[in-house]
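Working notes, beginning with the structure itself.
What follows is calculated from the coordinates using simple rules that are stated; it is not laboratory data. From a predicted model like this one, the values you see are computed outputs, not experimental measurements. Ideal geometry is used to build each Cβ from the backbone, glycine not excepted, and the neighbour counts take in all protein chains shown.
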Amino acid sequence: MSSVSVVHHAIVLSVRISLFIFCRKFLLDALYRNLRSLSYAGNGPMEATQSDLAHPSDNEMELEGLPRTLSSRNTEGRSKPAGSMSTSSIASFARGIFPQRHDSNSSVQANLARSVFALCFEEGCILFLLVMCQALNILDGRTRRTHWRGSLFVLVFLVIVFIPLVQCLLFTYRA
């Protein structure tokens, strides 16, 4: 291996590590914060207002309201309109999506999921970077090919073997 090839490998490895750290620290925090705000928003952009339901556009089909549950029929002697949800049901739904348990098992699961997502994102970015390097003829061909094969192997292994195996293990030992 020549010194130029070693430098090229070091550059790709440093980009790989920095992408992983960036994804793990900043991207996942931003995604988590955005998803959390979407799930807790009472009047988000995805929810339809009463005026939207009263005047559907020509391309949309108006659906009937959802059936009422027993708890919504018997609450304080009056029934709620069809399709409305009580605050407690929204809170229980949000707790189901974002559990607030602080035991070590859930933090290990969360850290594992975040790390695997960061690794998959980083490998996809490296593949894109290698394609761009090929188009611009920046790195040595042998270096690009080596990292291309390694990234493809890691990404395929994660998607086909590791992620399903971890899901099965987490679902099995969660109960």
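A few comments on the model shown:
- The phi torsions of segment 122-128, fed into the Karplus equation with coefficients 6.51, -1.76 and 1.60 and a -60° offset, translate into couplings of 5, 5, x, 5, 5, 4, 5 Hz, rounded to whole numbers, with Gly and Pro shown as x.
- Extension gain, Val4 back to Leu170 (0.36 nm per residue minus Cα-Cα distance, nm): 55.3 nm
- The residue among Gly124, Asn111, Asn137 whose Cα reaches farthest toward the positive pole of the charge dipole of segment 103-155, with charges on the beta-carbon of Lys, Arg, Asp and Glu, is Asn137.
- Estimated inter-spin distance, Ala135 and Asn34, nm [label 7 Å along Cα→Cβ]: 2.3
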